[in-house]
Amino acid sequence: MVNIVKTSSVVGIKAYEVSVETDVVNSLPAMAIVGLPDTSVTEARDRVKSAIKNSGYTFPSRKIVVNLAPADLKKAGTSFDLPIAIGILIEEEVLNSEQVKDYAFIGELSLDGSIRPVPGVLPLVLGLKDAGIKNVIVPKSNAKEAALNGVVNVYGAEHLTDVVNHFTEQPITQTIIDVEKYLAEQNEINYVYDFKDVKGQRKAKRALEIAAAGGHNILMVGSPGSGKTLMAKCFASILPPLELEEALELTKIYSICGLLSADEPLMTKRPFRVVHHTASANGIIGGGSTPKPGEITLANRGVLFLDEMVEFPRQVLEVLRQPLEDGEIVISRAKHSIKYPANFMLLGAMNPCPCGFLGDKEKQCTCTDFMINRYNSKLSGPLLDRIDIQIDVPRLTPAELLASNENEEDSQTIRQRVIKARKIQIERYKNENILTNSELTSDLIKKYCPLDEKSRELLKIAIVKFQLSGRKYDRVIKLARTIADLDGSENITQLHLTQALQYKMDKETTEV
Ligand SMILES: Nc1ncnc2c1ncn2[C@@H]1O[C@H](COP(=O)(O)OP(=O)(O)O)[C@@H](O)[C@H]1O
Ligand SMILES: [Mg+2]
């Protein structure tokens with residue numbers, strides 16, 4: 001008789017229910033796994049056999065056929081071991097189908113029958129939740145992560161015998177987590193770099209505060225030693241806490257990459273990914289034969305920091321354009337394509353020219369016009385268009401550097417203002433499926449960013465003077481919206497627009 005055991009399989013960050021069908025037929029002892037398994041799945045044959053025998057159960061000495069349905073969905077990973085073993089134990093009448101019909105199983109088996117953790121448990125369980133499954137048995141060290149799903153009952157097992165006993169003798173205690181409470185508890189910040197230690201640089205600090213508040217991309221341009229890298233490191237300390245839905249989305253990504261620890265099942269901090277310019281395109285964008293998320297996906301809901309931005313291969317920078325616009329990346333392969341979220345804030349830093357001292361008050365720039373043009377052309381116009389804020393970061397004078405920093409604001413104070421401005425945005429966009437001003441589309445800009453007559457006049461002048469493209473025009477308004485939100489102002493005024501134009505125009509106007 002054929003029996004069916006449920007589990008799930010992940011594609012991208014979405015999971016689908018999978019039925020493991022097991023049949024034992026009178027033929028020479030063998031085991032076949034069909035239904036588009038990759039090698040990691042077919043290797044389950046040997047693990048399952050040893051695990052069952054070493055747990056004290058008998059393994060059928062006939063032919064076992066296992067089908068993973070739907071058969072057209074590619075299956076990868078070791079999480080099918082446990083459901084396959086359960087299917088065989090049902091054939092052996094250790095368990096019966098009636099007992100497990102409301103359950104799904106996820107887990108890798110060791111040869112001795114113990115259950116090992118697997119990556120991607122949260123998305124796998126969320127897939128089961130969508131399929132209406134009530135209970136799931138997962139590896140014990142993945143149980144907290146699985147429990148974040150909030151609906152499906154989760155039981156963490158350490159050994160195959162625990163799973164059998166759960167149905168016959170001793171039920172496993174359910175793992176329960178209060179996600180919102182957990183997130184709130186973890187939200188206290190404790191960062192190494194604090195804006196209190198950055199002297200002067202008022203304008204750059206203000207620009208970074210605006211970027212954090214509205215989720216805007218930002219590029220800092222300045223001479224070596226002006227504090228760009230230092231301020232970028234401080235940026236993480238003023239980012240607002242993650243909303244629950246953001247934390248769960250991020251957790252799914254880190255879960256698939258196997259980057260979650262058993263003690264910290266939920267991603268509670270915005271990621272701050274520092275990428276070196278020698279990193280491979282696959283590493284940054286994502287890729288490989290079974291496409292893996294890249295840095296832009298790991299930076300989702302947080303920051304991707306590209307220091308010395310012009311040193312990155314142009315082709316890599318150009319690929320960033322599409323995710324910067326759409327907030328996601330589609331990686332296409334011959335048979336299928338996978339979509340990963342990539343809603344990150346780009347933080348870039350660069351020198352103004354090859355020698356680094358163009359525009360410096362004290363040191364003379366030694367570059368020719370040709371060198372400067374070639375240097376700047378590494379960042380294409382369409383890419384710069386997508387960077388809402390571009391600022392000059394001049395070097396501090398020796399006197400400024402020697403001054404004390406006692407009057408500088410600390411990150412905590414700045415962060416409070418950022419959080420307040422974020423809350424206004426979340427409330428305003430609660431029916432729009434977005435969280436920040438930077439995500440506004442043209443239609444939403446019309447709806448949420450009405451301009452008065454005077455502001456429109458001002459923009460008209462700016463369009464002509466700076467030759468604003470349509471995209472740039474939208475971005476100026478979004479930026480003005482954030483500046484107004486930091487101000488606690490319901491309407492965007494001329495003042496907010498003027499400031500927004502300044503931040504947007506800095507690099508371009510200094511070039512002209
Ligand atoms: N505004 C500043 N306040 C305090 N220290 C600064 C400031 N600017 C630069 N420094 C000092 O100079 C060092 C180099 O700065 P860095 O951020 O690496 O410059 P950049 O990345 O612009 O070349 C920092 O580690 C810090 O010690
Ligand atoms: Mg630097």
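Restricting attention to segment 304-323, and to residues there that are in a loop (DSSP other than H, G, I, E, B) and away from ligand 2 (no atom under 16 Å from the Cβ), which single residue is farthest from GLY214 (Cα to Cα)? Looking at residues that are in a loop (DSSP other than H, G, I, E, B) and away from ligand 2 (no atom under 16 Å from the Cβ), I get PRO313.
Among the conditions (1) over 28 Å from THR441 (Cβ atoms); (2) within 14 Å of ligand 1 (Cβ to nearest atom), the only one that GLU158 does not satisfy is (2). Taking segment 363-382 as the range and being open to solvent by 70 Å² or more (accessible area, probe 1.4 Å) and outside any loop (DSSP other than H, G, I, E, B) as the test, the residues that pass are ASP369, PHE370, MET371, ASN373, ARG374.
Residues that are closer than 24 Å to ALA279 by Cβ and away from ligand 2 (no atom under 16 Å from the Cβ) occur in segment 365-374; there is at least one.
Yes/no per residue for (1) free of Cβ contacts under 8 Å to residues at least 24 places away in the same chain; (2) within 16 Å of ligand 1 (Cβ to nearest atom); (3) not aromatic (Phe, Trp, Tyr):
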site	(1), (2), (3)
PHE195	no, yes, no
ARG206	yes, yes, yes
ILE218	no, yes, yes
GLU245	yes, no, yes
LYS252	no, no, yes
GLY258	no, no, yes
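Would you call GLY156 under 27 Å from the mean Cα position of the chain (by Cα), touching a residue at least 40 places away in the same chain (Cβ under 8 Å) and surrounded by 22 or more Cβ atoms within 10 Å (Cβ to Cβ)? No. The number of residues in segment 475-500 being open to solvent by 10 Å² or more (accessible area, probe 1.4 Å) and either modelled with pLDDT of 90 or more or in contact with a Ser or Thr (Cβ under 6 Å, 6 or more places away or on another chain) (or both) comes to 12. For segment 296-314, the set of residues classified as open to solvent by less than 10 Å² (accessible area, probe 1.4 Å) and touching a Phe, Trp or Tyr at 6+ places or on another chain (Cβ under 8 Å) consists of ILE296, THR297, ALA299, ASN300, GLY302, VAL303, LEU304, PHE305, LEU306, VAL310, listed by residue number.
Yes or no, residue by residue, for (1) closer than 30 Å to ALA232 by Cα; (2) under 24 Å from the mean Cα position of the chain (by Cα):
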{"position": "ILE137", "(1), (2)": "no, no"}
{"position": "GLU145", "(1), (2)": "no, yes"}
{"position": "GLY150", "(1), (2)": "no, yes"}
{"position": "VAL163", "(1), (2)": "no, no"}
{"position": "ASP178", "(1), (2)": "no, yes"}
{"position": "TYR182", "(1), (2)": "yes, yes"}
{"position": "VAL198", "(1), (2)": "yes, no"}
{"position": "ALA204", "(1), (2)": "yes, no"}
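Of all the listed residues (ASN437, ASN431), the sole one being buried (at least 19 other Cβ atoms within 10 Å of the Cβ) and either within 26 Å of GLU318 (Cβ to Cβ) or free of Cβ contacts under 8 Å to residues at least 40 places away in the same chain (or both) is ASN437. Taken together, the residues in segment 227-248 that are hydroxyl-bearing (Ser, Thr, Tyr) and either within 16 Å of ligand 2 (Cβ to nearest atom) or over 19 Å from the mean Cα position of the chain (by Cα) (or both) amount to 1.
Mind checking whether some residue in segment 324-331 is at positive phi and either within 28 Å of the chain's Cα centre (by Cα) or not in a loop (DSSP other than H, G, I, E, B) (or both)? Looking through segment 324-331, at least one residue is at positive phi and either within 28 Å of the chain's Cα centre (by Cα) or not in a loop (DSSP other than H, G, I, E, B) (or both).
Results for (1) more than 16 Å from ligand 1 (Cβ to nearest atom); (2) farther than 22 Å from GLU311 by Cα; (3) touching a strand residue (DSSP E or B) at 6+ places or on another chain (Cβ under 7 Å), shown as yes or no for each residue.
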{"residue": "ILE331", "(1), (2), (3)": "yes, yes, yes"}
{"residue": "ALA334", "(1), (2), (3)": "yes, yes, no"}
{"residue": "PRO341", "(1), (2), (3)": "yes, yes, yes"}
{"residue": "LEU346", "(1), (2), (3)": "yes, no, yes"}
{"residue": "LYS363", "(1), (2), (3)": "no, yes, no"}
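Evaluation of GLU406 against the conditions (1) in a helix (DSSP H, G or I); (2) among the charged types (D, E, K, R); (3) without any contact (Cβ under 8 Å) to a residue 12 or more places away in the chain shows that the sole unmet condition is (1).
In summary, HIS166 fulfils each of the numbered conditions (1) modelled with pLDDT of 95 or more; (2) within 16 Å of ligand 2 (Cβ to nearest atom); (3) surrounded by fewer than 23 Cβ atoms within 10 Å (Cβ to Cβ) with the single exception of condition (2). Please find, within segment 383-420, the residue that is farthest from LEU230 (Cα to Cα) out of those that are within 16 Å of ligand 2 (Cβ to nearest atom) and open to solvent by less than 50 Å² (accessible area, probe 1.4 Å). Selected residue: ILE391. Can you find a residue that is open to solvent by 10 Å² or more (accessible area, probe 1.4 Å) and within 16 Å of ligand 2 (Cβ to nearest atom) anywhere in segment 178-192? Scanning segment 178-192 turns up no residue that is open to solvent by 10 Å² or more (accessible area, probe 1.4 Å) and within 16 Å of ligand 2 (Cβ to nearest atom).
Residue-wise test of (1) more than 24 Å from SER237 (Cβ to Cβ); (2) in contact with a helix residue (DSSP H, G or I) (Cβ under 7 Å, 6 or more places away or on another chain).
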| residue | (1), (2) |
| --- | --- |
| HIS277 | yes, yes |
| SER289 | yes, no |
| GLU295 | no, yes |
| ALA299 | no, no |
| VAL303 | no, yes |
| GLN322 | yes, no |
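The values are calculated or read from the model by the stated rules, or taken from the named source; none is laboratory data. Note that the coordinates shown come from a computational prediction; the quantities given were computed from them, not determined experimentally. Here the Cβ is made from the backbone with ideal geometry for all residues, glycine too, and neighbour counts use every protein chain on show. These accessible areas exclude ligands, DNA and RNA; they are computed on the full protein's heavy atoms, side chains included. Shrake-Rupley method; radii C 1.70, N 1.55, O 1.52, S 1.80 Å.
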